[in-house]
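All remarks here apply to the structure that follows.
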Amino acid sequence: MKIIVDGKEIDAVLGETLLGAARRAGIHIPTLCYHESLEGQGRCRLCMVEVNEGGRKEVVASCTYPVKEGIEVTTSTPVIDKIRRNIIMLLYKRATGSPVMRQLFQEYGCPQNSLQENPEERCILCNICVRACEELGSSAISLIMRGTQKRVATPYDEAAAVCIGCGTCARVCPAGAIEMTEKEGIRVIWNKAFAMQACSRCGSYYASREEIAHLTARKPEYVIQSDLCEDCRKRMMAEKIAVFVSE
Amino acid sequence: MTTQNPPDNRKILVCCGTGCQASGSMDVFLAFQNQLHPEPGVTVETYAKATGCNGWCEQGPLVKILPDDITYCRVQAKHVAEIIDKTIKQGELVKKLLYRDPVTKKQVRSHHEINFYKKQHKVALRHIGEIDPASLDDYLAYDGYKALGQAFAMSPADIIDEIERSGLRGRGGAGFPTGRKWRSCAVQEASEKYLVCNGDEGDPGAFMDRSIMEGDPHTVIEGMIIGSMAIGAHKGFIYVRDEYGLAVQNLGRAIQDARANGYLGEDIMGKGWAFDIEIVRGGGAFVCGEETALMNSIEGNAGEPRDKYVYPTEKGLWGKPTIINNVETWANIPVIILAGAEKFASIGSKNSKGTKVFSLVGKVVNTGLVEVPMGTTLREIIFDIGGGILKGKAFKAVQTGGPSGGCIPAELLDLEIDFDSLTEAGSMMGSGGLIVMDEHTCMVEVARYYLHFLAGESCGKCVPCREGIDRMLEILTRICEGHGKMEDLDLLEDLSETLKAASSCALGKTATNPVLSTLRYFRPEYISHIHEKRCAAGVCRSLTTFDIIPEICTGCGLCEKNCPVQAIRGEKKEPHTISQELCIRCGDCFNRCNFGAIKVV
């Protein structure tokens, strides 16, 4: 189907979200709680856009709004811009400790106001870490409590039995809020320590043993040689190919 | 005053709603059961039954005697012997238990003569207080399941037509036309459809759904079966908040009895229609009253709402077409089928048909449940039915629609309330809460109070609601503590716009109502908090000093006796004084003084 975004006609597929269609067409809509490998969540509300459906205008979250034939979308209006500025301001005040939020606060030209800042906090509660953990099959962390008390945590704030220390949560976090340290072959994340596997070739630590075991059990076809780090695995493949070609 | 010719067949109805039970009505009921014996020489056949809530909780426990039509108020177990002896056996009234009209000072015998009931029009609450909720037979005796029988002679389209023509709008708050909702679900093709009754009544002080579920559970079940036929669903859920133990108990029993008697199950009334109902107990989150959060909760997920760009009628429970209606909406369905759409539509205002149940609470004389036609004015509800403001104080505002409703000032007392007029006035119908406030109420503090409630009850999923409410609360707290600035009011309005436009569900979208409505109608109060650092109502402690006016003080000692910190001193019959060092500004003396001798400085 065809939809119009900012005056430009783009292709969209029934069932996909407005954000998905716009991104594919190279149209930028800002987001904080969206990750391309996960479903839209509608949490941060930064992706709000104006949809005109047969004359009826509505402000919607583009990451959860399913495309409809014939809609006309405007990604930036004075109303939308103000919503985005306020969202950034609110998240900056909540998570003033996050460098990303400090930068966005400047970028969006948010006015200074008297609301208290929170320099200790970095998490913006986008839930991407939780969703990624779920998708990978661990569900070691989740959102707990509600309202202003809401936060990401392991069950009872203790080391989670199911956590495999893969560190995906820390890597996908847009705000740099998840603490992960590595020292002498020991990774510490979410109050749990993991012994790391050293690469049999270069000796560098590349994954927690629990992660390798989890992956081997779940997707054996992907684990070609589990004792090599990613770099060495590529190098080994390249060497094999080189031998094959020369023969 | 005697009742002539005591009738042979007497019913003693003991109100056993939650309010009356809290005042000991179960003991009253048991005392009647124990003391009503067939006695030689007495030919009167009498039985007592425990009914649902009569609504007039202020005067409970209530006992009604039929057909004599006598209503006794504030009855205790110790009065039972006297009632049996005088009223039942000799046909005399127990005068001390009759209601005394505060204006005419006359004792009133029948509840029909009492102002609290006179202006009410019971539709959704029609059986409550009359029937025994634990008895299917009693329900059947009051035309129970007759509407269902009638619905079996109708096609699904006919049923939807009837509901649509009645003009019934959803009683849960949003006021969406029920018939249209059903129609949009009926046209969906799906392997499975669901039907939900929303009994997660979360507004503080609201208990209309509770009373229906407790007092007339079969009505809800009957309404749901008719709904299931209209849309083609075979499975229904009643989502009840966990705190409503009696509702769960009575509904559970009613479902069991309905199943055993062929009103639920594989072959309802022998007509080949299959439908059954399951009770789901909510965990007590306010936000789970929001339909999509409720559905997430039924599915076993966290109670977070979903964006509703696709309606539940298309994709609801487990992604299947679902209709979800509030308890009171379901209770209206059998009436519409039985009496006809036209009859129902003849009650109410232009665009809001039928009646609405309100829980009338706060600083009003007659607190309780009242059901009135849509379009009744606030003045009629608060002053005629409610009996006016407690202690003869002045009316200041009424907060409608629960914590995210707005505050309506005295100028709008003649507003005919329905879904649309309340929204226009900056408030909402919500589920029907009416909290009356008197002149000793600080409107800034009221806004702060409700935002505090909402900050705790926001699910925290979306940024505008979670962070926005919290920040508005921060500003309001500052103003109440005397640190507010004028630009704070602009910031409140600015944030409100974002909450309204960008929040995911109605909780965030309407959370601004308490703030915006008080800013609209009571702005000078905000300004006096900010500029003069003064709370004229004497509520905000940091801004209040109480003092005694010596010319008025009679030295009665009431304030001195009740002051929690002994800050008030004085000789008997001499003007008293308040020690400002000891005073914690609780306002107890101010509210208690019978002579108006305490002033807010």
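Write out, first by first residue and then by second, each pair whose Cβ atoms fall under 7 Å of each other, whose residues are 6+ apart or on separate chains, and whose first residue, in the range B:510-533, is closer than 21 Å to B:G468 by Cα while the second is polar (S, T, N, Q) and assigned to a helix (DSSP H, G or I).
Filtered contacts from the range B:510-533: B:T512/B:S496; B:V515/B:S496; B:L516/B:S496.
On the given criteria, is A:R43 modelled with pLDDT of 95 or more and either assigned to a loop (DSSP other than H, G, I, E, B) or within 13 Å of another protein chain (Cβ to nearest Cβ) (or both)?
Answer is yes for this residue.
Counting only residues that are under 26 Å from A:V49 (Cβ atoms) and of a type in the set (G, A, S), which one in the range B:508-523 is nearest to the other protein chains (Cβ to nearest Cβ)?
It comes out as B:G508.
I'd like the full set of residues that are in a helix (DSSP H, G or I) and in contact with a Lys or Arg (Cβ under 6 Å, 6 or more places away or on another chain), limited to the range B:515-557.
Answer for the range B:515-557, where residues must be in a helix (DSSP H, G or I) and in contact with a Lys or Arg (Cβ under 6 Å, 6 or more places away or on another chain): B:S528, B:R541, B:L543.
Please specify each residue of the range B:395-434 satisfying the condition of being assigned to a strand (DSSP E or B) and farther than 15 Å from B:G205 by Cα.
Hits for the range B:395-434 are B:F395, B:K396, B:A397, B:C407, B:I408, B:P409, B:E416.
Has the range A:77-93 got at least one residue that is within 13 Å of another protein chain (Cβ to nearest Cβ), over 21 Å from the mean Cα position of the chain (by Cα) and assigned to a loop (DSSP other than H, G, I, E, B)?
yes
Could you list, in sequence order, all residues of the range A:221-238 that are modelled with pLDDT of 90 or more and either at positive phi or loosely packed, with under 11 Cβ neighbours inside 10 Å (or both)?
A:A238
Give me a count of the residues in the range A:155-201 that are under 30 Å from A:Q103 (Cα atoms) and in contact with a strand residue (DSSP E or B) (Cβ under 8 Å, 6 or more places away or on another chain).
Here the count works out to 13.
Surrounded by 15 or more Cβ atoms within 10 Å (Cβ to Cβ), at the interface with another protein chain (Cβ under 10 Å from one of its Cβ atoms) and touching a Ser or Thr at 6+ places or on another chain (Cβ under 6 Å): does that describe B:P305?
Yes.
Residues that are more than 12 Å from chain B (Cβ to nearest Cβ), at least 3 per element: which strands (runs of 3 or more DSSP E) completely within the range A:102-208 meet that? So that I can check it myself, show each step before the final result.
Numbers: elements: A:142-144, A:151-153, A:180-183, A:186-189, A:192-198, A:205-208.
The strands (runs of 3 or more DSSP E) meeting that bar are A:180-183, A:186-189, A:192-198, A:205-208.
Among the numbered criteria (1) crowded, with 20+ Cβ neighbours inside 10 Å; (2) within 17 Å of B:K356 (Cβ to Cβ), which one does B:P133 miss?
The one condition B:P133 does not meet is (2).
State which residue pairs qualify: first residue of a type in the set (S, T, N, Q) and inside the range B:404-429, second residue assigned to a loop (DSSP other than H, G, I, E, B) in any location, beta carbons under 6 Å apart, and separation of 6 or more residues or different chains.
Short answer, once both residue conditions are applied: B:S404/B:A511; B:S421/B:L415; B:S427/B:G401; B:S427/B:G405; B:S427/B:G406.
I want to confirm something. Restricting to the range B:169-228 and keeping residues that are at pLDDT below 95 and of a type in the set (A, V, I, L, M), which single residue is nearest to B:A124 (Cα to Cα)?
The extreme case among them is B:M208.
Kindly evaluate A:E69 against the criterion of being assigned to a strand (DSSP E or B), over 20 Å from A:P174 (Cα atoms), out of contact with any Pro (no Cβ under 7 Å at 6 or more places or on another chain) and more than 9 Å from every other protein chain (Cβ to nearest Cβ).
Working: assigned to a strand (DSSP E or B): no; over 20 Å from A:P174 (Cα atoms): yes; out of contact with any Pro (no Cβ under 7 Å at 6 or more places or on another chain): yes; more than 9 Å from every other protein chain (Cβ to nearest Cβ): yes.
So A:E69 fails the test.
Which helices (runs of 4 or more DSSP H) sit wholly inside the range B:156-258 and have at least 2 residues that are among the β-branched types (V, I, T)?
B:156-166, B:217-231
Here is a yes/no grid of residues against (1) within 31 Å of the chain's Cα centre (by Cα); (2) at pLDDT below 90; (3) under 26 Å from B:P133 (Cβ atoms); (4) of a type in the set (V, I, T):
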residue: B:C16; (1), (2), (3), (4): yes, no, yes, no
residue: B:N34; (1), (2), (3), (4): no, yes, yes, no
residue: B:A48; (1), (2), (3), (4): yes, yes, yes, no
residue: B:P61; (1), (2), (3), (4): yes, no, yes, no
residue: B:K64; (1), (2), (3), (4): yes, no, yes, no
residue: B:I70; (1), (2), (3), (4): yes, no, yes, yes
residue: B:I83; (1), (2), (3), (4): no, no, yes, yes
residue: B:T87; (1), (2), (3), (4): no, no, yes, yes
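The values are calculated or read from the model by the stated rules, or taken from the named source; none is laboratory data. Here the structure is a predicted model, which means the values were calculated and not measured. With ideal geometry, Cβ positions are generated from the backbone for all residues, glycine too; neighbour counts draw on all protein chains shown.
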